[in-house]
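Colleague: Okay, here's the structure, questions in a sec.
Please treat every number below as a calculation from the coordinates, not as lab data. In this text, all values refer to a predicted model and were calculated from it rather than measured experimentally. All Cβ positions, even for glycine, are placed from backbone atoms using ideal geometry, and neighbour counts span all protein chains on display.
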Amino acid sequence: MASSRKSSSADCPLSARVAERIAPLLPAHCSILVGLSGGVDSVVLLHLLQQLAPRFSWQLSALHIHHGISPNADAWSFFCGELCARHGIPMHVEHVDIAPLRARGIEAAARELRHAAFARQRCDFVALAQHADDQAETVLLQLLRGAGVRGASAMQLLIRRGGSPALLRPLLDCTRQQVLDYAAAHQLRWIEDESNADHNYPRNFLRHRVLPVLEEKFPAYRDTLGRSAQHFAEAGGLLDELAEQDAAQAIQGEALAVAALRTLNLARARNLLRYFLHRLGAPMPQAVQLHDMLQQLCDACEDAQVCVEYGGWQVRRYRGAAYALRALGEFDRDLVLDWQGEQALDWPALNTRLNFQRVQGAGVGLEKLQQAPVTLRLRRGG
């Protein structure tokens with residue numbers, strides 16, 4: 001566990017800077033949930049928002065994701081719970097299992113599970129603690145992976161997502177040193193994740209081995225890479241506008257007309273296919289995967305059963321339309337779940353969570369559901 005002794009660094013500029021950036025974006029009485037790992041960044045973010053919340057009438061809570069990767073995971077969860085309890089901040093711990101996604105890499109699996117957990121929360125905003133150093137690292141990692149403009153645009157201050165809480169990154173234009181100075185000024189305590197020192201992780205390799213050398217020649221690299229991310233984001237927005245025009249006649253619901261793809265030039269067809277996948281929440285395929293996907297969708301024989309798998313997803317062609325769906329993992333096809341009135345049930349057969357809610361004039365009648373046991377199973381023919 002780490003802590004900071006009080007320093008002479010003034011912390012007011014950081015508080016004022018964060019308030020100036022996010023206050024115009026957040027209405028009074030909105031609910032903000034902080035993604036709290038227990039590291040210095042999220043501890044500082046929690047402290048900052050706790051100081052600002054009464055002034056702007058924000059409702060603050062926290063969520064700790066227990067990945068179970070580190071042998072210290074239980075201690076981290078306990079630390080976060082104690083921290084929130086001391087300050088009267090409601091906190092929820094959510095356990096996730098990375099085992100089914102481990103083939104994608106520990107970092108990618110943990111990130112996907114975190115964001116899935118955030119998307120399920122009942123709040124207006126999820127506040128994450130990434131800062132300018134994280135942004136610079138992300139831009140470089142994405143460029144080294146050959147990402148397009150969407151990937152290279154890295155992280156944004158605010159991302160609104162239909163049906164899920166908006167993502168907010170209040171520290172995005174603050175440096176790691178400013179965060180540490182704030183922690184010192186307030187004598188904050190935090191935990192250190194031992195994996196941060198492992199240079200086998202690409203991000204850690206950049207952070208500890210590459211960026212210190214880069215800073216010697218380009219001391220303003222954080223600002224310049226941040227500006228590049230904004231330029232990429234603007235370009236991505238323009239490409240999305242073009243895709244929306246093409247999608248008006250090409251996409252109906254969750255289906256993309258293959259005939260519409262064939263009418264576009266290669267670059268525009270790729271752009272529309274990327275837009276279609278992104279809209280469904282699918283990960284972006286690599287360039288070679290996207291090329292193969294487009295080729296099979298457009299050029300395969302009409303009776304061919306096209307199915308392209310990538311990143312845990314499948315893209316299929318059926319009756320002249322493309323569909324994207326999560327690939328089904330191994331599961332018991334004879335599994336039968338009893339529904340006891342829960343608000344949600346995890347269903348391995350579709351790798352999804354089913355949510356139940358009461359509505360008027362739709363769905364299955366409550367009276368009918370109460371007459372006999374209700375079970376959930378895969379459909380059987382007949």
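Colleague: Quick one: check the C-alpha center-to-center distance for the stretch 99-169 versus the stretch 273-297, whole angstrom.
Modeller: 19 Å
Colleague: Using only the Cα atoms of the stretch 231-339, build the gyration tensor, take square roots of its eigenvalues as a ≥ b ≥ c, and label the shape rounded, prolate or oblate: rounded if a/c is under 1.5, else prolate if a/b is larger than b/c, else oblate.
Modeller: Values: a/c = 1.96, a/b = 1.49, b/c = 1.31.
In terms of gyration-tensor shape, prolate.
Colleague: Calculate one ³J(HN,Hα) per residue across the stretch 364-372 by plugging θ = phi - 60° into the Karplus curve 6.51 cos²θ - 1.76 cosθ + 1.60, and present them in order as whole Hz with x for glycine and proline.
Modeller: Whole-Hz 3J(HN,Hα) from phi for the stretch 364-372: 9, x, 4, 4, 5, 5, 8, 7, 7.
Colleague: Per DSSP H run of n ≥ 4, the term is -39500 (n - 2.57); total these for the chain, divide by its residue number, and report the mean residue ellipticity at 222 nm rounded to 500 deg cm²/dmol.
Modeller: Values: 14 runs with 161 residues, N = 382.
After summing the helix terms and dividing by residue count, I get -13000 deg cm²/dmol.
Colleague: Right, another one. Can you list the residues of the stretch 146-181 with backbone N under 11 Å from a point 7 Å past the Cα of residue 94, pointing along Cα to Cβ?
Modeller: 165
Colleague: Points 7 angstrom from Cα along the Cβ direction at residue 107 and residue 345: gap in nanometres?
Modeller: In this crude spin-label approximation the distance works out to 3.9 nm.
Colleague: Does the stretch 2-223 come out rounded, prolate or oblate, given a ≥ b ≥ c as the square roots of the eigenvalues of its C-alpha gyration tensor, rounded meaning a/c under 1.5 and, failing that, prolate meaning a/b above b/c? Don't jump to the answer; show the numbers that get you there.
Modeller: Working: a/c = 1.27, a/b = 1.12, b/c = 1.14.
Since a/c stays below 1.5, the shape of the stretch 2-223 is classed as rounded.
Colleague: Then there's this: Considering the values (i) 134; (ii) 191; (iii) 253, which represents volume of the Cα convex hull per residue in Å³ as calculated for the structure under consideration?
Modeller: It is the value labelled (ii).
Colleague: How high is the relative contact order of the chain, given as a whole-number percent (alpha carbon pairs under 8 Å, six or more residues apart)?
Modeller: Details: 493 pairs, mean separation 54.5, N = 382.
Taking the mean separation of contacting Cα pairs over the length of the chain, I get 14 percent.
Colleague: Which ordering of 179, 308, 34 is given by a fewest-first count of other beta-carbon atoms within 10 Å? Can you show the working numbers first?
Modeller: On the way: 179 23, 308 20, 34 29.
Ascending number of Cβ neighbours within 10 Å: 308, 179, 34.
Colleague: In terms of the Cα gyration tensor, with a ≥ b ≥ c the square roots of its eigenvalues, is the stretch 337-376 rounded because a/c is under 1.5, prolate because a/b exceeds b/c, or oblate? Spell out each step's value before the answer.
Modeller: On the way: a/c = 2.44, a/b = 1.48, b/c = 1.66.
Taking the square roots of the gyration eigenvalues as a ≥ b ≥ c, the stretch 337-376 is oblate.
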